[in-house]
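Everything below concerns the one structure shown next.
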Amino acid sequence: MIGYVAKRLLQLVPVLVIMSMIVFMFLHLVPGDPVDAVLGNEATEEAKTALRERLGLDQPIPVQYVLWAGRVLQGDLGHSIVNGTPVLDTILQKMGVTIFLALGSVLVSTIIAIIGGTIAAARKGSWVDLGILSAALIGVSVPSFWLAILLMLVFAVQWHIFPSIGYTPPGENFLDFLHHLVLPVVTLGAIMAGALSRLTRSEMIDQLNEDYILTARAKGLPESKIIYKHALRNALIPVVTFAGMELGTVLGGAIIVERIFSLPGLGQLVVESIFLRDYPVVQGTILFLSVVFVLVNLAVDISYTLLDPQIRITGAAGRD
């Protein structure tokens with residue numbers, strides 16, 4: 001186990017290096033000058049030149065990358081060009097919203113998918129199965145921005161059950177904080193539940209056709225025990241894999257939902273920083289999300305042993 005974790009952590013290094021190089025290069029290819037965003041178009045050329053020298057923007061891009069990477073290795077993600085605040089402090093301040101949004105979305109989608117997919121598999125070919133498959137197809141096909149606006153119109157504008165936009169820090173009023181997150185969480189969770197429920201149904205159907213299930217039925221075990229204790233446990237392995245990948249994806253891909261509901265998370269931070277050409281903030285945030293994504297996938301791999309004791313991790317994940 002320790003050797004496997006160490007190997008995966010070492011694999012993290014080249015992934016992050018390549019990711020940081022790609023982000024750094026493409027950011028500097030984006031039209032616009034961050035100095036203009038800070039000083040405005042009315043600033044003198046002398047002031048702009050002095051700021052470029054102070055920020056190191058007058059150096060060639062490879063030199064800028066090496067200098068930035070060297071600071072990152074020391075735990076320094078730099079400072080915002082716009083307001084001068086440390087990038088790491090800004091990320092830590094914003095990450096709570098995105099993490100709550102991502103965890104809540106994955107939790108909602110996983111619960112819906114396991115219940116719906118299991119029922120659909122147990123009643124394969126029935127109208128219940130058809131209804132669940134149809135709902136899953138709609139969930140996969142619906143754009144997140146459309147569903148977000150629809151939920152906002154129904155539950156915020158028409159019924160006044162949940163707030164449409166806004167945010168309350170959890171330290172001020174935690175219940176109000178959760179109240180503002182309900183619609184964003186449901187938006188992302190409902191969309192992810194479509195793909196997850198179809199996967200759960202497929203895996204459950206495969207498991208219900210295995211020999212050990214036929215043996216259990218021959219022994220006279222209750223059908224509910226066969227489905228929920230034996231088949232579901234084995235079917236959850238690919239479901240957990242997909243859910244873990246979705247958690248990493250949501251952490252970096254909740255930009256649209258955060259924009260619609262005006263949530264001050266990492267997605268909102270990246271968008272605003274791109275508009276302002278605030279390179280250090282964008283680079284630091286994407287690097288942080290990349291680390292989280294890889295660590296989440298590592299945690300998913302380790303969780304296999306909890307779901308299936310036959311799986312042993314000895315330097316590489318595999319089935320004995």
Of the numbered conditions (1) more than 18 Å from the chain's Cα centre (by Cα); (2) surrounded by 18 or more Cβ atoms within 10 Å (Cβ to Cβ); (3) under 27 Å from Ser262 (Cβ atoms), Ala136 fails exactly one; give the number of that condition. (3)
In segment 233-276, which residues are assigned to a loop (DSSP other than H, G, I, E, B) and either over 22 Å from Ala113 (Cβ atoms) or of a type in the set (Phe, Trp, Tyr) (or both)? Phe261, Ser262, Leu263, Pro264, Gly265, Leu276
Yes or no: Leu77 among the aliphatic types (A, V, I, L, M), touching a residue at least 60 places away in the same chain (Cβ under 8 Å), within 29 Å of Leu295 (Cα to Cα) and not in a helix (DSSP H, G or I)? yes
Name the pairs whose Cβ atoms lie under 7 Å apart, with the first residue in segment 152-169 and within 15 Å of Val185 (Cα to Cα) and at pLDDT 90 or above, the second surrounded by fewer than 13 Cβ atoms within 10 Å (Cβ to Cβ) and not acidic (Asp, Glu), and 6 or more positions between them or separate chains? Phe155/Ile161
What are the residues in segment 204-248 that are without any contact (Cβ under 8 Å) to a residue 24 or more places away in the chain and surrounded by 14 or more Cβ atoms within 10 Å (Cβ to Cβ), if any? Ile213, Ala216, Leu221, Ile226, His230
Kindly evaluate Leu221 against the criterion of being farther than 30 Å from Pro169 by Cβ and in a loop (DSSP other than H, G, I, E, B). yes
Tally of residues being over 17 Å from Leu196 (Cα atoms) and among the hydrophobic types (A, V, I, L, M, F, W, C) across segment 211-249: 7
Verdict on Ser141 being within 22 Å of Ala122 (Cα to Cα), out of contact with any Asp or Glu (no Cβ under 8 Å at 6 or more places or on another chain) and hydroxyl-bearing (Ser, Thr, Tyr): no
Conditions (1) at pLDDT 80 or above; (2) charged (D, E, K, R); (3) surrounded by fewer than 16 Cβ atoms within 10 Å (Cβ to Cβ) -> Lys48 fails only (3)
Which of the residues spanning segment 83-139 are aromatic (Phe, Trp, Tyr) and modelled with pLDDT of 90 or more? Trp127
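Of the residues that make up segment 251-264, is at least one surrounded by fewer than 18 Cβ atoms within 10 Å (Cβ to Cβ), under 23 Å from Thr110 (Cα atoms), at pLDDT 85 or above and not acidic (Asp, Glu)?
no
Residues are listed down the side, and each one gets a yes or a no for (1) over 20 Å from the mean Cα position of the chain (by Cα); (2) crowded, with 20+ Cβ neighbours inside 10 Å:
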site: Ile149; (1), (2): yes, no
site: Val157; (1), (2): yes, no
site: Ile161; (1), (2): yes, no
site: Asn173; (1), (2): yes, no
site: His179; (1), (2): yes, no
site: Val182; (1), (2): no, no
site: Leu188; (1), (2): no, yes
site: Ile191; (1), (2): no, yes
site: Ser202; (1), (2): yes, no
Which residue is modelled with the lowest pLDDT, if the candidates are limited to segment 288-320 and must be over 13 Å from the mean Cα position of the chain (by Cα) and under 18 Å from Glu246 (Cα atoms)? Tyr304
Cross-chain or 6+ apart pairs with Cβ under 9 Å, segment 271-285 first and over 21 Å from Val66 (Cα atoms), then charged (D, E, K, R) and surrounded by 18 or more Cβ atoms within 10 Å (Cβ to Cβ): Val271/Glu258; Glu272/Asp278
Some residue of segment 32-47 being out of contact with any His (no Cβ under 6 Å at 6 or more places or on another chain), under 30 Å from Tyr167 (Cβ atoms) and not in a helix (DSSP H, G or I): yes
Those residues of segment 94-117 which are of a type outside the set (Gly, Ala, Ser) and more than 23 Å from Leu133 (Cβ to Cβ), in sequence order: Lys94, Met95, Val97, Thr98, Ile99, Phe100, Leu101, Leu103
Having 2 or more residues that are charged (D, E, K, R) is the bar; report the helices (runs of 4 or more DSSP H) wholly within segment 85-162 that clear it. 87-122
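The values are calculated or read from the model by the stated rules, or taken from the named source; none is laboratory data. All values derive from a computational prediction rather than experimental measurement. For neighbour counting, all protein chains shown are included, and Cβ atoms are generated from backbone atoms with ideal geometry for every residue, glycine included.
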